[in-house]
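Taking it in order: structure first as structure tokens, then the write-up.
Laboratory data are not the source of any read-out in this text; all were calculated from the coordinates shown. Fair warning: this is a prediction, and the values are worked out from it, not measured in the lab. Here Cβ is always computed from backbone atoms with ideal geometry, including for glycine, and neighbour counts include all displayed protein chains.
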């Protein structure tokens, strides 16, 4: 926890004041890396086994969208998605990613504000990710009837809570056949039930899983759901922010602090506020460190690393703790101020019938023993570029490979496959650039609208608002909830 001075009152480029990350803050990342190196994880996909597949379910934080935000404000979740999509365009086929924008990213101001305040879209986003998962799984099984499908769920903030809930859905349902999927909604459009009439492709409790969480925060709707990790989650890693002060941002201990006795889970606490861990700030020295920790963990799940670390900014002004409570006058810090400690939420299910509502379910040891395990390898950190402030390294799509995949999908009549190719292109630098140009052209043709005051826009955002180019609302994406 860094020391604060009068300098903290000066607003920085992220809209709030900051104070320098001190030796304690920086050392916390070294200690976290050391603890991570002692964690033994299952190798879920091996290049020597052509049947193994890994589905990455990526849930972004409240107010965060890699489809609408400026690249400099993308989160660590977005970086993981971008890198995985780029690897797919270069021919990686045994790992696929699907991305879910964070709560409070809808096009309408009222819907966006309500969802940002309450997280009300929890069910829609989790169910939507499950629908995408079943569609991808069906494609894999059509290509290879012996395909062995595994899942890692990644999330930030409320997206981390959704990731935790998604693991339960996968465990309880297995992999359903998406054919004939039916949604039941009430008169207000709220999701009541999803039905899958066809026999399951893979039975319940048979899909091996892992979970990767950036500072889970469950304010609102997420706490109405069971987020206990089920037996099929064999491994997990959580990064928790030490210096988040807001009363509304109590950390959820999806995974208990420290390492579990059986080596299943690790939860590390590091210096920084909420989005210093999950990302989206321009002054990103701490969030780059946090993202690099998660890259090491995710790479450990495959015998061939598919993610690269980022260079850590050396400039002192980049390595700061943000005073996130300054994003809105509505935020209060009275709970933190009592003892200088961030409170943690330990209850993981609202059910009163569960004997141990704070605890995850025991691991399926028989499933766990099917996998080789190894300590997490701590990869090298690349040297910093000579520029002071860089956005995320651009991902360049291999357009030749993409069009080859698109052609094969067209020949096979694979509509979902064609859409997946489109998703890979949209996540690339070329795709993002094309979307931004389209938004700028639309803005030029549209009548000017008065801007919302920044303070009003930020009032209900649990993660720092990241603003897209003026007037840019982003593309319509397949199955993304428009609530």
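Summary table below
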| item | result |
| --- | --- |
| Relative contact order for segment 173-313, counting Cα pairs under 8 Å that sit 6 or more residues apart, in percent | 17 percent |
| Label-to-label distance, nm, for residues given as residue 51 and residue 308 (7 Å Cα→Cβ offset) | 3.4 nm |
| Burial ranking of peptide ranges 184-194, 212-222 (average Cβ count within 10 Å, highest at the top) | 212-222, 184-194 |
| Per-pair calculated FRET efficiency, R0 = 25 Å: residue 347 and residue 200 via Cβ, rounded to 0.05 | 0.20 |
| Residues residue 172 and residue 143, FRET efficiency given R0 of 30 Å [Cβ-Cβ distance, rounded to 0.05] | 0.70 |
| Stokes-Einstein D for segment 31-116, Kirkwood Rh over Cα pairs, 4 °C, 1.567 mPa s (µm²/s) | 85 µm²/s |
| Cα centroid separation, segment 341-387 to segment 33-66 (Å) | 11 Å |
| Estimated FRET transfer efficiency (residue 282, residue 332; beta-carbon r; R0 30 Å; 0.05) | 0.70 |
| Estimated translational D of segment 18-375 in µm²/s (Stokes, Kirkwood radius over Cα pairs; 20 °C; 1.002 mPa s) | 104 µm²/s |
| Ranked packing of 10-17, 155-162, most packed first, by mean Cβ within 10 Å | 155-162, 10-17 |
| Cα gyration tensor shape of segment 190-262, rounded if a/c is under 1.5, else prolate or oblate by comparing a/b with b/c | oblate |
